[in-house]
Amino acid sequence: MAIFISLAIAGFIVLGGSFLFGHDTDHDAEPGLDHDSDGDSGDSSSVSFFSTKVIAALVMAFGATGAIAKFYNDDFVLSSIIGLGSGIAFALLMLLMLKLFYKQQASSIIPTNATVGLTATVVISISAHGLGEVGLTVRDEYRTYSARSMNNQSINKDRKVRVVDSNGPELVVEEIN
């Protein structure tokens, strides 16, 4: 019975620690890209059966129900089978719960390539061969971005421009006549 109790306590500690100090998703950002540049992080709302939280839940439930079965004088084999069954059931419940939680997460990150083709207004003049700033509404949010002229020409403040490309965190724009 001490083995089952030890497993339940260890599973509880790992499960609690993983909720307090860590998470289970991996972000597959493209190597070599700056943190401000565009990178597709894939589906961040997925969690695996082999995640730390799910395995810890399995171990915790296995230990707890195995200890309960052993307390009621079942032999170790039957206690282990009962523990394994309830551990798997609890792990599947944890997996479904985590998938629901991760699915509810939202991100306010808007990649700069989402601005291509949109119309913006110059809020800080763009100098020839230099940077300025443009403001535009993208995905129902007003944002400002650093911008440079596509033809390396200066563009005055309050002029309308079209975003033709994105280069990392800055936009490439052309003036609309």
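The values are calculated or read from the model by the stated rules, or taken from the named source; none is laboratory data. The model shown is predicted, which means the values in this text are computed figures rather than measured ones. Here Cβ is always computed from backbone atoms with ideal geometry, including for glycine, and neighbour counts include all displayed protein chains.
A few comments on the model shown:
- Candidates LEU100, LEU95 - the one that is in contact (Cβ under 8 Å) with a residue 40 or more places away in the chain, under 30 Å from SER48 (Cα atoms) and not in a loop (DSSP other than H, G, I, E, B): LEU95
- Listed by first and then second residue, the pairs with beta-carbon distance under 8 Å, at least 6 apart or on different chains, first residue in the range 150-177 and within 13 Å of LEU131 (Cβ to Cβ) and assigned by TED's automatic domain parsing to the domain that holds LEU118, second of a type in the set (Phe, Trp, Tyr) and crowded, with 17+ Cβ neighbours inside 10 Å, are PRO169/TYR145; GLU170/TYR145; LEU171/TYR145.
- The range 47-65 - residue that is assigned to a loop (DSSP other than H, G, I, E, B) and not small (Gly, Ala, Ser) and, of those, modelled with the lowest pLDDT: VAL47
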